[in-house]
Every structure is written in C-alpha cells, then in structure tokens.
Amino acid sequence: MSIRQPLTAERLGEVLAYEPDTGIFRWRIRPSNRVKVGAVAGRSNGNGYTRICIDGVNHYAHRLAWLAVHGKHPAGEVDHRNGNRADNRIANLRVGTHAQNAQNQPLRVTNTSGRHGVSWSKPHGKWAAYIVKAGRKKHLGLFECIDRASEAYMAAKAKLHAFQPVPRDAVHA
C-alpha cells in the first residue's frame, strides 16, 4: 500500500488553471471522458464549499486557491472574508486560526433578539450583553434598551475580535 503525497503547487498547475479575480478553476487536462479541457472544475459539496477531485482525492477549492497563489498549503484555516463559501477569489480569502474563524459566525437560528451577543434576561427584566473570547463567555452588562446592549457587544467585539471586528451580517446590512 502506498502513502499518498500531498498535492504540490506544481501538480495543481499541471491539472488546473486558477483565475484569481474570479476564483474559478478550469481544467488544463481531461480528468475524465465527460470533462473537456477549459471546463470549470468542481462542484458544491452541499454546504456551499466547492470541492475538486484531483488524482482521486477531493480538495476544497479555497485551499487550492491558496496553494495556487502562494505555492504552499495554508498554515491554518482558510476563511472567506465575505462569508460566501463559493467565492474563492484570492482577495476574499485569508488564513487564520480556528478561534479567529469562529469570530465571524452568523446569528444562530436559536437567537431570539436578532442581535449578536444580546439576549433577554428574564430574572432581571433587562437585555444582557455578552461576548465569547478564547472559549469563555464574558458578561458585558445588563441594559434597559436592546440598542445599548448591542452597542456594548459591538464595542467589545471591535476590541477583542481583531480578525473580524464587526459581524458579517452587520457589514452587509
């Protein structure tokens, strides 16, 4: 049994052409009888990420984009700055740690306030603001007004989450 070697930038360049301005990969070779040279490579994996099979191994397109441009595999997680997992333009990609990548989570479906870091405190009859840093939840205070609680969260996020200082949905709102 042979051990598979990691995909190299050279091999990637032999089989795929990467367009950094669009984030699209195109085949330089015919990987199968059904695919023509120049065809767009990859397909969605169902979670929004594009996967491309090279030499029998599936690869995420955003990680391949990093390899194509920088000549080496990314040292950490590759994050899509705008949150669109299918947008693999190199300008939209950045490398970070898992903790940094967690700074840009969308609102959870269980969120009832509609605001990041804000929930209703029934015992106090006020809005509670909180933020998570290094896996620990930090209480930011209780507020009469949801807007004040949200402001407290946003101020803390700007200070503590330098990788993603504002929630993505706030950027696009």
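Report those strands (runs of 3 or more DSSP E) wholly inside segment 65-171 carrying at least 3 residues which are open to solvent by 60 Å² or more (accessible area, probe 1.4 Å) and farther than 30 Å from A41 by Cβ. First the steps, then the outcome.
Working: elements: 77-80, 93-96, 118-121, 126-133, 136-143.
In segment 65-171, 126-133, 136-143 are the strands (runs of 3 or more DSSP E) which contain 3 or more residues that are open to solvent by 60 Å² or more (accessible area, probe 1.4 Å) and farther than 30 Å from A41 by Cβ.
Find the residue count for segment 9-35, including only residues that are modelled with pLDDT of 95 or more, open to solvent by 80 Å² or more (accessible area, probe 1.4 Å) and in contact with a Lys or Arg (Cβ under 8 Å, 6 or more places away or on another chain).
Number satisfying all stated conditions: 2.
Considering only segment 3-59, how many residues are outside any helix (DSSP H, G or I), in contact (Cβ under 8 Å) with a residue 24 or more places away in the chain and of a type outside the set (D, E)?
The qualifying residues number 20.
Residues of segment 36-50 being open to solvent by less than 70 Å² (accessible area, probe 1.4 Å) and either under 22 Å from the mean Cα position of the chain (by Cα) or acidic (D, E) (or both), which ones?
Going residue by residue through segment 36-50, those that are open to solvent by less than 70 Å² (accessible area, probe 1.4 Å) are 38-39, 41-42, 45-46, 48-50.
Matches in segment 36-50: A41, G42, N45, G46, G48, Y49, T50.
The values are calculated or read from the model by the stated rules, or taken from the named source; none is laboratory data. Remember, predicted model here, so these are calculated numbers, not experimental data. Positions of Cβ are generated from backbone atoms using ideal geometry, with glycine treated the same way; all protein chains shown enter the neighbour counts. Accessible surface is based on the protein model in full, side chains and every heavy atom, while ligands, DNA and RNA are left aside. Shrake-Rupley method; radii C 1.70, N 1.55, O 1.52, S 1.80 Å.
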